[in-house]
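Here is the structure we will look at, set down as structure tokens.
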Amino acid sequence: MNSTGIAQFVPPPPFDATRTFAAAGATHALGHALLHDGPPRYRRALRLGGRIAVLELAASSDGAALDVRVLAADGPLPDGAAQAAAGWMIDPAFSLAPFYQFAQQHPILAETCARLHGRRLLRYTSVFEALLVTVIEQQIALRAAQRAERWLAATYGSRLIVDGAACDVLPTPERMASLTLEQLAPLRITFVRMRRLLEIARMQAEGVLDLEALPHLPPPAMYAALRELRGVGHWTAAWTMIRAAGHYLYFGRADVALRAAVHHYLHGQRGRMDAAAMDALFAGYGPFAGLASVMLILRWAADRDLSAPHPAS
């Protein structure tokens, strides 16, 4: 289909489209940031009502807004589906301003805000996909995990070609549930985690789970529902909620990359922050602990290759 403009969203300041799109790769391996030759743009393939579509977010001429276009689709899209998906990704009701104000009282956070000024996270439009990705990333370097995610999408997902580039989307629960351990072996993750992925996919495909309904629950209820799944510990539940719902939970001491980041930014040293000391530090951030942890890990990713392994669950 032809490229179609559908909406414009205005995230509240502080907002920087270039930094937002550049950061998107840290949490979503399948998106495409285009930061040169024109206004900053970001493309992502999505499943919309049984169809596949590629949405593009482009910074407006003054940089304050995001214009949304449908670049391609494999058939007619349900009315309003693309606009709703773009709005969910952007989350224009969420403001970073209270956090920035709070951060000025804490040097490590003030420095982080200055480094990342205006950088936001773009949400996933599928809880299943967010959980799938987060389970893959357990106890593995981010670069290796994202290679696995791209392989999974390219091999068993769906694809549209836009401007000569492949835009892939992860497999549906039904497709994922049909796979075997042998077919998933190229993921290069443990068989335990592959079994977890298949179990979650089968439960979702058979209607035992309704992951896509979880963002409509209060955050504690969404967290409890995720924690009931085998192999989903605090870290996995927290990152799934961050990615899929924009609920910023402190993902905690088990994240060795976060411990390395805090130790470096707080003490100027290599190594990892003492776990108990880090928990105490973030406890002092109160309701901003989760957002503080995300911003610090994004700063760490921006400053260097985020190659440290993630925790077990």
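Springs join every pair of Cα atoms under 10 Å in this Gaussian network model of the chain, and among Ala24, Ala244, Ala276 the largest mean-square fluctuation is at Ala276. Taking a Cβ cut-off of under 13 Å around Glu206, the surrounding Lys, Arg, Asp and Glu residues balance to a net charge of -2, with basic ones at +1 and acidic ones at -1.
Taking the Kirkwood radius as Rh and the Cα radius of gyration as Rg, the stretch 180-313 has a ratio of Rg/Rh equal to 1.01.
Mind checking the per residue accessible area of the chain for me, 1.4 Å probe, whole number of Å²? Let's see the in-between values first.
Numbers: 13170 Å² over 313 residues.
Averaged over the residues of the chain, the accessible area is 42 Å².
Obtain the radius of gyration and the Kirkwood radius of the stretch 107-148 from its C-alpha atoms and give Rg over Rh. Please list the in-between numbers first.
Numbers: Rg = 14.3 Å, Rh = 12.6 Å.
Rg/Rh: 1.13.
Given N residues in the stretch 18-81, what is Rg(Cα) / (2.2 N^0.38 Å)?
That ratio works out to 1.17.
For the stretch 118-171, the Kirkwood estimate of the hydrodynamic radius, built from every pair of different alpha carbons, is 12.3 Å. Principal semi-axes of the equivalent ellipsoid, √(5λ) from the alpha carbon gyration tensor of the stretch 67-110, are 37, 10, 6 Å from largest down.
Can you quote the Å³ per residue value for the convex hull of the Cα atoms in the stretch 41-128, rounded to an integer? Working shown, then result.
Values: hull volume 10.4 nm³, N = 88.
It comes to 119 Å³ per residue, whole-number rounded.
From the helices alone, meaning DSSP H stretches of at least four residues, give me the mean residue ellipticity at 222 nm for the chain, per-run term -39500 (n - 2.57), in deg cm²/dmol to the nearest 500. Mind showing how you got there, number by number?
Details: 14 runs with 140 residues, N = 313.
The helix-only estimate for the chain comes to -13000 deg cm²/dmol at 222 nm.
Just tell me, in residue order, which DSSP H segments of the chain are both 18 angstrom or longer along the helix axis (alpha-carbon based) and at least 1.0 in mean Kyte-Doolittle hydropathy. TM-like helix candidates: 289-303. Sorting 16-23, 74-81 by average packing, meaning the other beta carbons within 10 Å per residue, from highest down gives 16-23, 74-81. Per residue, the convex hull around the alpha carbon atoms of the stretch 129-223 comes to 124 Å³.
Using Cβ point charges alone (K and R +1, D and E -1), the dipole size of the stretch 17-97 about the Cα centre works out to roughly 220 debye.
Averaging over every viewing direction, what projected area does the convex hull of the Cα atoms of the stretch 1-156 cover, in nm²? Display every interim value, and only then the final one.
Working: hull surface 42.0 nm².
That works out to 10.5 nm², a quarter of the Cα hull's surface.
Placing +1 on the Cβ of every Lys and Arg and -1 on the Cβ of every Asp and Glu, with no other charges, gives the chain a dipole of roughly 680 debye about its Cα centre.
Just so you know, the Cα atoms of the chain work out to an Rg and Dmax of 18.9, 55 Å.
The values are calculated or read from the model by the stated rules, or taken from the named source; none is laboratory data. Remember, predicted model here, so these are calculated numbers, not experimental data. Please note: Cβ atoms are built from the backbone with ideal geometry, for glycine as well, and neighbour counts cover all protein chains shown. We work out accessible area using only protein heavy atoms, side chains counted, and drop any ligands, DNA or RNA first. Shrake-Rupley method; radii C 1.70, N 1.55, O 1.52, S 1.80 Å.
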